[in-house]
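Presented below is the structure to which this report refers.
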Amino acid sequence: MNFEVTNMIFALPEMFMLGMACAILLVVAYLGEKGTNIVYRLSQLTLAITALLIYRSLGESGITFDGTYIKDGFSDVLKMAVMLINIVVLLYSTSYLKSRNLFKGEYYVLAIFSTLGMMIMISAAHFLTLYLGLELMSLCMYAMVAMHRDSKLATEAAMKYFILGAIASGMLLYGMSIIYGATGSLDLATIAATIQAGGLDNTVLSFGLVFLVIGIGFKLGAVPFHMWLPDVYHGAPTAVTLFIATAPKIAAFAMAIRILVDGLGDVHQYWQGMLIMLSVLSMIIGNVVAIAQTNLKRMLAYSTISHVGFILLGVLSGSQEGYAAAMFYALVYTLMSLGSFGMIILLSRQGFEADTIDDYKGLSQRNPWYALMMLILMFSMAGIPPLVGFYAKLTVIKSIIDINLISVAIIAVLMSVIGAFYYLRIIKVMYFDKPKQSEPLEAPAEMRVMISVNALSVLALGLFPGALLAVCASVFY
Amino acid sequence: MFTDLPLLSLLIWLPVLGGIAVLVNGDNNGWARPLSLIISVVTLLLSIGLYIGFDNATYQMQFAEQAPWIATFDINYALGIDGFSMPLIILTAFSTVIVVVAGWEVIQDRVSQYMAAFLIMEGLMIAVFASLDAILFYVFFEAMLIPLFLVIGIWGGPNRVYATIKFFLYTLFGSVFLLLALLYLHHVSGSFSILDFHKVSLTMQEQIYLFLAFLIAFAVKVPMWPVHTWLPDAHVEAPTGGSVILAAITLKIGGYGLIRFALPITPDASMALDWLVIGLSLTAIVYIGFVALAQSDLKKLIAYSSIAHMGFVTLGLFIVFRIFANSATGSGAVLAIEGAMVQIISHGFIAAAMFLCVGVLYDRMHTREISAYGGVINTMPIFGGFAVFFAMANAGLPGTSGFVGEFMVILAAYQANFWYAFLAATTLILGAAYTLWMIKRVMFGEVANENVANLTDINRREFWMLSSLAIIVLAIGLWPAPLTEVMHASVEHLLTQVSQSKL
């Protein structure tokens with residue numbers, strides 16, 4: 001066994017976060033509700049320092065812990081994104097939690113542990129590490145959804161999430177075991193090498209692959225494994241929805257890349273067809289059903305499904321450029337999703353959820369600035385230039401045109417036209433309708449600043465997408 | 001002297017940044033209007049610099065600028081203009097000044113946002129005409145929809161929401177096919193430069209699909225029959241400024257796109273499918289002419305007449321293949337393309353003027369129903385003079401710019417096929433019929449009712465606005481040479497491009 005102490009430095013961010021998570025847990029246990037503010041600050045500090053640690057170690061790469069843990073450019077960039085996004089998530093959610101008597105230390109402890117799970121997933125070089133990370137992340141999120149104990153909707157959502165999540169994990173595990181049976185290894189690099197060497201029973205391999213794809217589909221929320229997503233997004237407290245809808249998508253994307261590309265890249269032709277089905281169905285169902293929604297959280301849930309379809313387009317292309325495009329899309333999507341749910345939180349007040357579309361009526365007259373921010377976010381989600389959502393769509397569609405899947409590209413662009421309709425409807429109610437209520441918006445200053453930064457970064461990245469695209473490309477080339 | 005300045009960048013970013021400045025300045029002080037006027041006038045003056053510094057002798061792109069933008073995909077900030085885009089840029093700058101002036105007193109609600117929307121749109125439209133990189137072009141082409149969507153939706157008429165969403169989705173539907181075509185061309189050519197697209201060789205099947213994609217994208221913009229239905233709705237609901245910009249510029253982008261993309265990139269498919277475009281154009285000219293005759297709403301009538309007039313543009317562009325087949329000289333082909341371009345520019349001024357005239361009436365009477373008017377000339381003699389003049393120009397009276405473009409296209413159509421010319425020439429009758437009948441009902445006769453009797457004639461602002469347009473319409477009508485000279489080299493070059501097979 002080759003276990004060198006120096007190698008552990010690769011996992012320093014994870015180890016630091018684990019230590020801090022335990023410390024925060026103790027603070028919660030000893031100080032109780034009085035200490036929630038401290039817990040919040042500590043959590044933010046933990047995320048910030050971890051981000052710093054990741055930043056300091058950029059450029060180093062290697063495999064450690066006996067081949068189960070990998071640190072490379074891909075993991076660095078995604079972990080960095082997860083940290084930054086979760087810092088903003090905690091910032092947004094705090095004002096929501098405070099106004100609803102949910103401001104408790106548990107939320108932060110669960111969030112930090114869940115973040116740790118994401119990091120482990122992103123750095124997994126082995127099926128077991130991957131599964132460990134996935135379960136750590138998911139179990140924390142099940143509990144977070146159920147945090148609002150007295151809410152029937154939240155409890156129902158938590159049940160659904162838990163049961164379907166467990167099924168997904170089971171599928172994934174089953175797939176892993178079949179792959180193990182076929183290749184004799186759980187280690188992704190060894191699996192890849194064994195497949196490349198040839199002589200394997202392709203029936204067994206593709207059989208296992210089906211279960212892996214189902215598991216990934218569940219976690220990403222791709223049709224037909226999307227049923228949990230609208231209910232969970234709708235039922236969970238908005239702060240939790242915000243958490244679920246952002247960073248875990250990056251982790252799930254990482255899982256897809258680790259399994260399908262790092263491990264099973266050589267049987268690309270097997271999974272490409274499956275992903276085409278998932279992707280096309282997701283784009284169609286997500287966009288068409290979103291039109292019928294009156295609840296904004298539910299609408300965004302369906303819009304997530306359609307975005308997942310687009311992310312899968314990049315993955316299924318099987319080219320370096322496509323993976324980079326999918327990664328760009330995943331990062332951009334989380335940024336937009338962050339802003340949109342942040343806006344729901346911003347407009348919510350004590351005893352009032354601003355989560356139906358009607359609540360946005362006349363926002364441009366109540367507060368032109370936030371209406372403009374929401375406009376930027378919605379047009380970006382719809383993929384209208386010069387906002388960053390456009391480049392995300394552009395790059396993934398480019399990658400599938402480059403492999404000559406023109407018909408899929410046509411479906412994708414037609415669906416994005418349909419998608420534009422429901423985003424436009426939000427803009428329509430904000431700008432063209434008369435306000436229904438006239439209460440001024442109340443939100444802490446840091447929240448107001450952050451949401452502006454969030455939306456303006458969507459615009460700035462749209463004007464100068466080059467840098468982020470280059471980062472994504474550098475990871476894969 | 002003008003070639004040293006990054007003039008095109010200035011023309012794009014001055015209005016955009018100026019628009020943001022107006023937006024930030026807000027409505028609380030009285031600066032929104034004067035600031036917008038200053039910005040738009042300075043932009044117009046700068047755009048005249050393009051005309052002065054323009055070299056008529058070459059078809060090469062002038063005032064070129066190039067800088068890397070998205071290095072990963074080799075997408076560049078590449079600008080440049082030729083004889084097709086230069087007049088359109090000046091038209092855009094001019095129209096924006098008119099729109100700012102037209103909205104001066106009329107817009108009282110959210111003035112700064114209104115002015116900012118038009119200024120930003122001006123920058124984006126100029127950028128569309130100046131872009132030489134396909135993705136850059138597409139970004140501006142789409143981004144342009146956002147301000148116009150808001151303008152129609154916020155300041156529009158009672159049914160504005162329906163109209164603006166229909167407008168947005170219709171044009172978005174068209175343009176996504178353009179995106180696919182551009183990405184496919186990149187796949188084939190390995191570059192996003194439009195000029196490289198011109199050189200890439202393509203099989204017939206590829207060309208047919210690409211051509212259809214271009215046609216869907218630009219036919220919606222032009223708009224051609226049968227994808228024109230968004231236009232009457234959008235025009236009727238849009239505020240006057242919105243209608244002016246729609247008619248004067250955004251429709252032109254459709255024609256410009258066909259010139260820049262469809263003809264040079266897919267010449268063989270354009271030749272193979274020219275019957276389709278010619279058929280649709282003639283349908284637009286004849287059928288939409290009759291539809292215009294039946295309208296009872298002033299703006300709808302002008303909207304339909306716009307569609308019919310734009311039919312001449314697409315007709316002129318696509319009869320060149322038949323002219324080539326008939327006569328080897330190809331002099332008629334030059335006439336056809338130049339006629340289409342003159343029609344594009346001239347319609348920009350005339351349609352803008354017509355919508356402004358309707359705007360003048362609407363501001364006073366708050367109705368666009370023709371039946372609500374009658375004998376307006378008795379109470380508004382000066383306005384009546386302008387209205388009759390522009391109506392004549394719209395009907396194609398010799399001596400006005402409306403005549404030049406139509407006449408050139410009809411003349412060229414004779415060389416292609418007698419029946420094309422015959423059908424196209426019906427517009428001289430139909431156009432005169434619907435325009436003059438409208439003028440008769442609105443302007444002449446007895447004073448119809450008390451509201452008309454109480455009308456006040458146009459004020460000084462409206463007078464200057466309309467007379468500047470009248471001078472230009474007359475100038476192009478009497479002496480079109482300055483306009484055709486600048487585009488001549490580019491037209492010749494386009495014709496060599498379309499006559500060379502890419503197979």
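The values are calculated or read from the model by the stated rules, or taken from the named source; none is laboratory data. Every value quoted in this text rests on a predicted model; they were computed, and no experiment measured them. Cβ atoms come from the backbone with ideal geometry, glycine included; neighbour counts cover every protein chain shown.
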- Query: Checking residue B:207 against (1) more than 14 Å from chain A (Cβ to nearest Cβ); (2) in contact with a strand residue (DSSP E or B) (Cβ under 9 Å, 6 or more places away or on another chain), which test does it fail?
  - Reply: (2)
- Message: Whether any residue in region A:254-263 is at pLDDT below 90, buried (at least 22 other Cβ atoms within 10 Å of the Cβ) and within 28 Å of residue A:117 (Cβ to Cβ) is what I want to check.
- Response: yes
- Could you list, in sequence order, all residues of region A:320-353 that are over 25 Å from residue A:436 (Cβ atoms), β-branched (Val, Ile, Thr) and out of contact with any Gly (no Cβ under 8 Å at 6 or more places or on another chain)? A:334
- If you take the residues of region B:36-48 that are within 21 Å of the chain's Cα centre (by Cα) and of a type outside the set (A, V, I, L, M, F, W, C), which of them is surrounded by the most Cβ atoms within 10 Å (Cβ to Cβ)? B:40
- Item | Unique residue being under 21 Å from residue B:279 (Cβ atoms), charged (D, E, K, R) and touching a Ser or Thr at 6+ places or on another chain (Cβ under 9 Å) when the list is B:338, B:406 | B:406
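Okay, residues lined up against (1) of a type in the set (Phe, Trp, Tyr); (2) more than 8 Å from chain B (Cβ to nearest Cβ); (3) more than 18 Å from the chain's Cα centre (by Cα):
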| position | (1), (2), (3) |
| --- | --- |
| A:328 | yes, yes, no |
| A:340 | no, yes, no |
| A:363 | no, yes, yes |
| A:374 | no, yes, yes |
- Message: Given the options B:149, B:167, B:137, name the one that is under 17 Å from residue A:433 (Cα atoms), more than 7 Å from chain A (Cβ to nearest Cβ) and either within 19 Å of the chain's Cα centre (by Cα) or of a type in the set (D, E, K, R) (or both).
- Response: B:149
- Query: residue A:29 fails exactly one of the following numbered conditions: (1) touching a residue at least 40 places away in the same chain (Cβ under 8 Å); (2) under 28 Å from residue A:150 (Cα atoms); (3) assigned to a helix (DSSP H, G or I). What is the number of that condition?
  - Reply: (1)
- Message: So for region A:384-396 (the condition being closer than 17 Å to residue B:179 by Cα and hydroxyl-bearing (Ser, Thr, Tyr)), does at least one residue qualify?
- Response: yes
- Message: I'd like to verify a number: residues in region A:121-154 that are at pLDDT below 90 and in a helix (DSSP H, G or I), how many?
- Response: 3
- Message: So if I check each of B:16, B:42, which one is of a type in the set (A, V, I, L, M) and either under 23 Å from residue B:469 (Cβ atoms) or free of Cβ contacts under 8 Å to residues at least 60 places away in the same chain (or both)?
- Response: B:42
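Rundown of residues vs (1) touching a Leu at 6+ places or on another chain (Cβ under 9 Å); (2) assigned to a helix (DSSP H, G or I); (3) farther than 17 Å from residue B:223 by Cα, yes/no style:
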residue: B:271; (1), (2), (3): no, yes, yes
residue: B:275; (1), (2), (3): no, yes, yes
residue: B:282; (1), (2), (3): yes, yes, no
residue: B:286; (1), (2), (3): yes, yes, no
residue: B:291; (1), (2), (3): no, yes, no
residue: B:303; (1), (2), (3): yes, yes, no
residue: B:315; (1), (2), (3): yes, yes, no
residue: B:321; (1), (2), (3): no, yes, yes
residue: B:347; (1), (2), (3): yes, yes, no
- Message: I need the full set of residues from region B:208-224 which are surrounded by fewer than 23 Cβ atoms within 10 Å (Cβ to Cβ) and not aliphatic (A, V, I, L, M), in order please.
- Response: B:209
- Message: Restricting to region A:460-470, give me the number of residues that are part of a helix (DSSP H, G or I) and surrounded by 18 or more Cβ atoms within 10 Å (Cβ to Cβ).
- Response: 4
- Task: State the number of residues belonging to region A:174-220 that are assigned to a loop (DSSP other than H, G, I, E, B) and among the aliphatic types (A, V, I, L, M).
- Result: 2
- Message: If residue B:154 meets every condition in (1) without any contact (Cβ under 8 Å) to a residue 12 or more places away in the chain; (2) surrounded by fewer than 21 Cβ atoms within 10 Å (Cβ to Cβ); (3) within 11 Å of chain A (Cβ to nearest Cβ); (4) touching a Phe, Trp or Tyr at 6+ places or on another chain (Cβ under 9 Å) apart from one, which number is that one?
- Response: (1)
- Task: For region A:423-459, name all the residues that are of a type in the set (A, V, I, L, M) and crowded, with 16+ Cβ neighbours inside 10 Å.
- Result: A:424, A:426, A:427, A:429, A:430, A:443, A:447, A:450, A:451, A:455, A:458, A:459
- Message: All but one of (1) in a helix (DSSP H, G or I); (2) away from chain B (no Cβ under 11 Å) hold for residue A:442; state the number of the condition that does not hold.
- Response: (1)
- Qualifying positions in region A:376-424 - at the interface with chain B (Cβ under 9 Å from one of its Cβ atoms), free of Cβ contacts under 8 Å to residues at least 24 places away in the same chain and assigned to a helix (DSSP H, G or I): A:394, A:401, A:406, A:409, A:410, A:413, A:414, A:417
- Mind listing whichever residues of region B:86-127 are within 14 Å of chain A (Cβ to nearest Cβ) and without any contact (Cβ under 8 Å) to a residue 60 or more places away in the chain? B:109
- Can you find even one residue in region B:467-476 that is over 26 Å from the mean Cα position of the chain (by Cα) and touching a residue at least 24 places away in the same chain (Cβ under 8 Å)? no
- Query: Taking region B:53-85 as the search range and keeping residues that are in a helix (DSSP H, G or I) and crowded, with 18+ Cβ neighbours inside 10 Å, which one is nearest to the other protein chains (Cβ to nearest Cβ)?
  - Reply: B:72
- Of the candidates B:135, B:107, B:120, the one satisfying the condition of being in contact with a Phe, Trp or Tyr (Cβ under 8 Å, 6 or more places away or on another chain) and modelled with pLDDT of 90 or more is B:135
